[in-house]
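*Asks:* Here it is, the structure, as structure tokens.
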Amino acid sequence: MEELAIVVPVYNEEETLELFIKEVNDKTEKLELKKVFYFVNDGSSDQTLPLIKKLASQVDNINYISFSRNFGKEAALLAGLEATTEPLVTVMDVDLQDPPELLVSMYQKLQEGYDSVGARRISRSGESPLISFFSRLFYKIINKVSTTPIVDGARDFRLMTRQVVDSILTLRENNRFSKGLFSWVGYDVTYLEYENHERSAGQTSWSFSQLLRYSIDGIINFSEMPLNIATFVGFFSFLASLLLSIFYLLKTLIYGDPVQGFPTLIVLILLLGGLQLLSLGIIGKYIAKIFLETKKRPNYIIKESNLKELD
């Protein structure tokens, strides 16, 4: 029987673990696949890890990896994908916002010849209006400035062949943005649409500020446009200053008026100073990314696991 690896990053999810496993097993009974779970504990501070250990001791298809601290979801996704050996791999959130029943349709799509089948939300019901607004804005911006298309509403939830997963694992960068990486590797991809599902239990660990930083990192990781903007801002600021200087010079020569306007001078200084700081900030962000990449630090450190090859 063909095997399906289910990679699940978890962080303080003790309330949802057992429900998640039950729902996946119940909603995918039609799939003639042997399901193998890979839970990646991303430094949880509750009873998530003891519960995973307990569940893993009861059945042989639950594997776990536990980090030495919280490294973030991107690191957890990478660790889970690296641990898999199965011919089919899916990535899911444990909170059941990724409907398990979609796996049946995803598998059918793979049989039609697709290499990867993703899930795409077509509604954001139950989500904060502020987060919804900025999420839509993010997709509009990144698809304008990046050559790698990012599907609006696409989730990390997707079913992939081994070839796709192996291609993703060849991308060794530390600054990871999985939605972009999934798209960058190419292959024949299709998306299944679904209505938004709210969390089954517990609270999300993502705050607005974290989502904002994640979005900014995504844009920087997959676009050089911010650097081009900094260049254009500098050029047009210089041009505007030059034209303004010529204007005041001609005004003085023609009308004989001394240059007036102390407030104007202050405004210009603040404007140009602000534009310079903005440009330096953009350039600094890219330099920081380069700095982190050159350190060659591992994306994560495994403290314990029940996978023999990782011990």
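Quick note: the coordinates plus some simple rules give every number you see, no bench work behind them. These figures come from a predicted structure and were not determined experimentally. Note that we place each Cβ from the backbone using ideal geometry, even for glycine, and neighbour counts take in every protein chain shown.
*Asks:* Rank by packing, highest mean first: peptides 275-281, 37-43, with packing defined as the count of other Cβ atoms within 10 Å averaged across residues.
*Replies:* Highest to lowest by the protection proxy: 37-43, 275-281.
*Asks:* Which of Val151, Val89 has the fewest other C-beta atoms within 10 Å, and how do the rest follow up to the most?
*Replies:* Numbers: Val151 15, Val89 26.
Ascending number of Cβ neighbours within 10 Å: Val151, Val89.
*Asks:* I would also like to ask the following. If you keep only loop residues by DSSP, which GluC sites (Glu not before Pro) in region 1-88 have at most 10 other Cβ atoms within 10 Å of their Cβ? Write out the running numbers ahead of the final one.
*Replies:* Numbers: sites: Glu2, Glu3, Glu13, Glu14, Glu15, Glu18, Glu23, Glu29, Glu32, Glu74, Glu82; in loops: Glu2, Glu13, Glu14, Glu15, Glu29, Glu32.
Answer in residue order: Glu29, Glu32.
*Asks:* Identify the trypsin sites (Lys or Arg not before Pro) of region 1-87 meeting these criteria: DSSP loop state and at most 15 other C-beta atoms within 10 Å of the C-beta. Walk me through the numbers before you get to the answer.
*Replies:* Values: sites: Lys22, Lys27, Lys30, Lys34, Lys35, Lys53, Lys54, Arg69, Lys73; in loops: Lys30, Arg69.
Taking region 1-87 and a limit of 15 other Cβ atoms within 10 Å, the loop trypsin sites (Lys or Arg not before Pro) found are Lys30, Arg69.
*Asks:* Which entries in the list Lys73/Lys109; Lys109/Lys289; Lys54/Lys109; Lys285/Lys308 go over 29 Å, if you measure between the two C-alpha atoms of each?
*Replies:* Numbers: Lys73/Lys109 27 Å; Lys109/Lys289 37 Å; Lys54/Lys109 35 Å; Lys285/Lys308 39 Å.
Table pairs above 29 Å Cα-Cα are Lys109/Lys289; Lys54/Lys109; Lys285/Lys308.
*Asks:* Using the Karplus curve 6.51 cos²θ - 1.76 cosθ + 1.60 with θ = phi - 60°, work out ³J(HN,Hα) for each residue of region 295-303 in order, rounded to whole Hz, and write x for Gly and Pro.
*Replies:* Karplus values, whole Hz, x for Gly and Pro: 5, 6, 6, x, 5, 7, 10, 8, 8.
*Asks:* In addition: For Asn306, what residues show an amide H to amide H distance below 5 Å, using hydrogens built from the backbone and excluding near sequence neighbours?
*Replies:* Tyr64
*Asks:* Continuing with this model, one more query. Using θ = phi - 60° and the Karplus curve 6.51 cos²θ - 1.76 cosθ + 1.60, what whole-Hz ³J(HN,Hα) does each residue of region 102-115 get, with Gly and Pro shown as x?
*Replies:* Once θ is set to phi - 60°, the couplings for region 102-115 become 5, 4, 5, 5, 4, 5, 4, 5, 4, 5, 7, x, 6, 8 Hz.
*Asks:* Residues in region 39-59, backbone N under 17 Å from the label point at Arg69 (7 Å along the Cα-to-beta-carbon vector): list them, ranges by number please.
*Replies:* Within reach of a label on Arg69: 41-46.
*Asks:* Could you list which residues have their amide H under 5 Å from that of Arg158, counting only those 5 or more apart in sequence or on another chain, with H placed in the peptide plane?
*Replies:* Those qualifying (amide H under 5 Å, at least 5 residues apart or on another chain) are Val91.
*Asks:* I've got another one for you. When the Karplus curve 6.51 cos²θ - 1.76 cosθ + 1.60 is applied with θ = phi - 60°, which whole-Hz ³J(HN,Hα) does each residue of region 30-37 get, with x for Gly and Pro?
*Replies:* Couplings: 6, 6, 8, 10, 8, 8, 10, 8 Hz.
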